[in-house]
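First the structure, in the form of structure tokens, and then the observations on it.
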Amino acid sequence: MASHRLSSVSEEEPCCDISRKTKICLCVFFGLLIAVVIAVPVGILMWPRPHKEWKGEGTTAHFYEILLGRCYTYTQIVRPELGHKDCQKIGKAFTGAFLSKDPCSSTEQDYKPLMELTDQAVPCDKTLLWSKSSQLAHDYTRVRQAMFTLEDTLLGYMADGLRWCGDSGSSDMNYKSCPNWREDCSNNSFSVFWNTVSKRFAEDACGVVHVVLNGSISNTFDERSTFGRVEVFNLRPEKVHRLQAWVMHDIGSARSDSCSSSSINVLKRILKERSIAFSCENNYGPIRLLQCVKNPDHPSCRF
């Protein structure tokens with residue numbers, strides 16, 4: 001019987017013969033596919049979304065540059081005793097308080113790092129508050145440079161006249177629109193900032209605190225103003241001996257309110273309840289003189 005050898009099939013040979021080049025191509029293909037699957041949703045999430053439209057004006061153009069420039073001007077020229085302040089850190093802390101955040105959910109805590117970097121002592125008896133009399137109060141402190149309004153402090157000087165806001169869906173400032181505190185939301189980045197710094201300014205005041213009020217309007221003391229809502233209630237009775245009010249009337253205008261008006265009596269009552277003495281004077285002489293500089297020919301300016 002003839003013997004037949006059956007050739008054994010090698011166990012090393014695969015059933016399907018795929019070349020090395022094909023394997024490499026397949027690996028590259030699947031790698032790219034996985035990368036695309038991951039990258040597309042990530043890219044969609046990271047793609048900058050358009051800012052929401054608000055009813056208020058947008059961030060001031062060149063906001064950061066103005067902010068930084070004012071910081072250096074104040075610390076190096078206006079108040080060189082504050083030359084040790086780090087304006088770069090202050091600028092970053094300022095923008096860090098509102099960038100990439102919901103502009104209608106701002107809190108005092110957002111501005112805490114900024115507040116800590118800009119602490120500033122105002123001498124006792126030198127704090128000047130104001131309500132609806134901004135121009136007149138600042139005219140006075142430009143002449144009496146020992147007196148300080150909030151805008152004469154570092155942080156107030158930097159932010160005065162500027163507007164700003166960000167958006168939770170973007171790391172950029174919103175230059176098109178920002179929340180209006182009446183029509184959009186009250187706890188917006190801008191309003192919360194001014195409430196926060198006004199609160200600290202009042203808390204730090206000591207001795208006799210002064211306030212310039214507008215007697216040419218019917219509601220000289222407005223409980224809804226920053227002075228009425230924030231500053232009056234944050235004066236510390238243990239530090240503030242008295243609030244001296246100067247009720248000023250516009251040159252040539254009819255007097256609407258005076259030291260004896262009902263709104264001033266409301267202010268007097270609030271202070272009495274807080275154990276702070278109160279005094280009031282109509283048309284304080286030195287400020288009246290400043291008004292007359294602009295209206296030298298008016299009969300009321302003939303002293």
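The values are calculated or read from the model by the stated rules, or taken from the named source; none is laboratory data. Fair warning: this is a prediction, and the values are worked out from it, not measured in the lab. Cβ sites come from the backbone with ideal geometry, for glycine too, and all protein chains shown count toward neighbours. Protein only, heavy atoms only, side chains kept; ligands, DNA and RNA dropped before computing areas. Shrake-Rupley method; radii C 1.70, N 1.55, O 1.52, S 1.80 Å.
Observations
- Filter result (at negative phi and open to solvent by 60 Å² or more (accessible area, probe 1.4 Å)) within segment 158-179: D160, S168, S171, D172, Y175, K176
- Some residue of segment 265-276 being assigned to a loop (DSSP other than H, G, I, E, B), in contact (Cβ under 8 Å) with a residue 40 or more places away in the chain and not aromatic (F, W, Y): yes
- Of everything listed in (1) among the small types (G, A, S); (2) closer than 18 Å to W130 by Cβ; (3) open to solvent by 10 Å² or more (accessible area, probe 1.4 Å), the single unmet condition for S262 is (2).
- Qualifying residues in segment 65-94 (those that are hydroxyl-bearing (S, T, Y) and touching a helix residue (DSSP H, G or I) at 6+ places or on another chain (Cβ under 6 Å)) - the one nearest to G166 (Cα to Cα): Y72
- Any chance Y72 is in a helix (DSSP H, G or I) and over 14 Å from the mean Cα position of the chain (by Cα): yes
- Top-ranked residue in segment 209-239 [being part of a loop (DSSP other than H, G, I, E, B), farther than 16 Å from I264 by Cβ and touching a residue at least 12 places away in the same chain (Cβ under 8 Å); ranked as least open to solvent (accessible area, probe 1.4 Å)]: L235
- Scanning segment 277-303 for residues that are assigned to a loop (DSSP other than H, G, I, E, B) and under 16 Å from V209 (Cα atoms) turns up just one, Y284.
- Scanning segment 118-156 for residues that are open to solvent by 70 Å² or more (accessible area, probe 1.4 Å), outside any loop (DSSP other than H, G, I, E, B) and closer than 19 Å to T75 by Cα turns up just one, R142.
- Any chance V192 is open to solvent by less than 40 Å² (accessible area, probe 1.4 Å) and part of a strand (DSSP E or B): no
- Residue check for R242: under 24 Å from R144 (Cβ atoms), open to solvent by 30 Å² or more (accessible area, probe 1.4 Å) and part of a strand (DSSP E or B): yes
- The number of residues in segment 75-99 being in a helix (DSSP H, G or I), open to solvent by less than 70 Å² (accessible area, probe 1.4 Å) and of a type outside the set (A, V, I, L, M) comes to 6.
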